[in-house]
Amino acid sequence: MSASSVNPSKGVWDDIAANQTFILVALLVGVHVLLIVAVVGCLWKQTPKQTQLNRAFIDDQREEFKRTIRKAD
């Protein structure tokens with residue numbers, strides 16, 4: 001490597017630091033996108049069993065509320 005091919009104003013460490021920053025930002029953005037997709041996916045799609053349990057729970061709460069209202073009358 002000759003002395004004329006070396007650029008003293010920009011060293012190897014500057015290139016590495018720029019690449020590290022880019023990689024860090026890309027990883028952070030990627031992780032956040034994956035987290036958002038996972039959360040939305042879990043909330044968006046419930047299994048039929050979960051839906052059935054939720055409906056049963058709501059029906060039980062509704063019946064209990066009706067019994068409470070009848071007792072109050």
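Brief remarks follow.
- Only Lys, Arg (+1) and Asp, Glu (-1) charged, at Cβ; the stretch 15-72 dipole about Cα centre in debye: 600 debye
- Lys71, Lys66 arranged by Cβ crowding within 10 Å, fewest neighbours leading: Lys71, Lys66
- Approximating the spin labels as points 7 Å out from Cα along Cα→Cβ, the Asp73-to-Gln50 distance works out to 3.8 nm.
- Extension reserve of the Val39-Ala26 stretch, reckoned as 0.36 nm per residue once the Cα distance is removed: 2.7 nm
- With θ taken as phi - 60° and the Karplus curve 6.51 cos²θ - 1.76 cosθ + 1.60 applied, the whole-hertz 3J(HN,Hα) list for the stretch 21-35 is 5, 4, 5, 4, 5, 4, 5, 5, 5, x, 5, 5, 5, 5, 5 Hz, x standing for glycine and proline.
- For the stretch 48-59, 3J(HN,Hα) per residue [Karplus equation, 6.51 cos²θ - 1.76 cosθ + 1.60, θ = phi - 60°, Hz, x = Gly/Pro]: x, 5, 4, 5, 5, 5, 4, 5, 5, 5, 5, 4
We did not get these values from a lab; they are worked out from the coordinates using the rules stated. Bear in mind the structure is a predicted one, so any value in this text is a computation, not a measurement. Reconstructed Cβ throughout: ideal geometry from the backbone, glycine too, with neighbour counts over all protein chains shown.
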